[in-house]
Amino acid sequence: MRIDVVTLFPDMIQDGCRYGIPRIAQEKGLLQLGTWNPRDYSRNKHRNVDDRPYGGGPGMVMQVQPVAEAITAARAEGQGPVIYLSPQGRRLDQTAVRRFAELPHAILLAGRYEGIDERLITRHVDEECSIGDYVLSGGEPAALVWIDAVTRLLPGALGDEESALCDSFMDGLLDYPHYSRPEVVDDLAVPAVLTAGNHAEIARWRLKQSLGRTWRRRPDLLEQIDLNEEQQALLAEYIREQQTMESDGNP
Ligand code: 4FV
């Protein structure tokens, strides 16, 4: 996949992708990353790319021309959608990440200041994407989140394919708890089922934990999933056990 990012801070994007999976994916030739700085297309001697908002109010707004020309320059690298990272966008989730990871090319637009002139969005943006209901000082951190989440799903990016498949949210559920050596830490032992070596039992326990934790922490996610018979039975079993533990006074 090729990802081009239109940003006033190209180093922030390039540096942020020099670690972990985005770096490995670039080294394996699975990911190509380009950055385009609107300031390079500014037509005024101070290389400004922003100005005061019509209608008054605080802050500055990024102007159409430098951003539009940076997008046009990035377009030379591919015909993928222009995705503007902004709080006004549709919330990014694993379903959307899976869809984006199918693309051969995408242009990410990272804003700064109060935002970008709406006419740029109208004319050049295909979709807006938000990483969450909070305000960042720039779209670059959101672009790095987008790139990391998408790159992980590129075939060959992760060591063994298997791990992407059992990610959180891959089945719409929260992840099960993980344990590693040593077997006992601060008199807390690893659940016996995980050291007993019965893989069917381990898989059953992990699914039950994912269902239970999703029920407890993110019931909104459960509403989006049609649980099959086995899952419904496992969740009921988890809830019964939780109620027993609570009635026995164990948290
Ligand atoms: C954001 C978000 C975000 C808004 C104004 C950049 C900032 C500033 N982007 N998900 N939440 N962007 O807060 O994507 O220009």
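The values are calculated or read from the model by the stated rules, or taken from the named source; none is laboratory data. Being a predicted model, the structure only gives us computed values, none of them experimental. Heads up, the Cβs are rebuilt from the backbone with ideal geometry, glycines too, and the neighbour counts pull from every protein chain shown. Only protein heavy atoms, including side chains, enter the accessible area calculation; ligands, DNA and RNA are left aside. Shrake-Rupley method; radii C 1.70, N 1.55, O 1.52, S 1.80 Å.
Gln63 falls short on exactly one of the conditions (1) farther than 14 Å from Leu8 by Cβ; (2) open to solvent by 40 Å² or more (accessible area, probe 1.4 Å); (3) touching a strand residue (DSSP E or B) at 6+ places or on another chain (Cβ under 8 Å), and that condition is (1). Ala233 falls short on exactly one of the conditions (1) exposed (fewer than 11 other Cβ atoms within 10 Å of the Cβ); (2) under 30 Å from Thr95 (Cβ atoms); (3) not aromatic (Phe, Trp, Tyr), and that condition is (1). The criterion of being more than 28 Å from the chain's Cα centre (by Cα) and either in a loop (DSSP other than H, G, I, E, B) or buried (at least 20 other Cβ atoms within 10 Å of the Cβ) (or both) holds for Gly55. Could you look through region 6-40, keep only residues that are assigned to a strand (DSSP E or B) and touching a residue at least 60 places away in the same chain (Cβ under 8 Å), and pick out the one that is least open to solvent (accessible area, probe 1.4 Å)? Filtering region 6-40 for residues that are assigned to a strand (DSSP E or B) and touching a residue at least 60 places away in the same chain (Cβ under 8 Å), the one least open to solvent (accessible area, probe 1.4 Å) comes out as Val6.
Given the conditions (1) away from the ligand (no atom under 14 Å from the Cβ); (2) out of contact with any His (no Cβ under 7 Å at 6 or more places or on another chain); (3) touching a residue at least 12 places away in the same chain (Cβ under 8 Å); (4) not in a helix (DSSP H, G or I), which single one is not true for Gln79? Condition not satisfied by Gln79: (2).
Here Ala142 qualifies as within 16 Å of the ligand (Cβ to nearest atom) and in contact (Cβ under 8 Å) with a residue 24 or more places away in the chain. Out of curiosity, is Ala200 touching a helix residue (DSSP H, G or I) at 6+ places or on another chain (Cβ under 9 Å) and either within 16 Å of the ligand (Cβ to nearest atom) or open to solvent by 40 Å² or more (accessible area, probe 1.4 Å) (or both)? Here the answer is no, as Ala200 does not meet what is asked.
Considering only residues that are assigned to a strand (DSSP E or B), surrounded by fewer than 18 Cβ atoms within 10 Å (Cβ to Cβ) and within 12 Å of the ligand (Cβ to nearest atom), look in region 90-126 and name the one that is nearest to the chain's Cα centre (by Cα). Going through the qualifying residues, I end up with Arg91.
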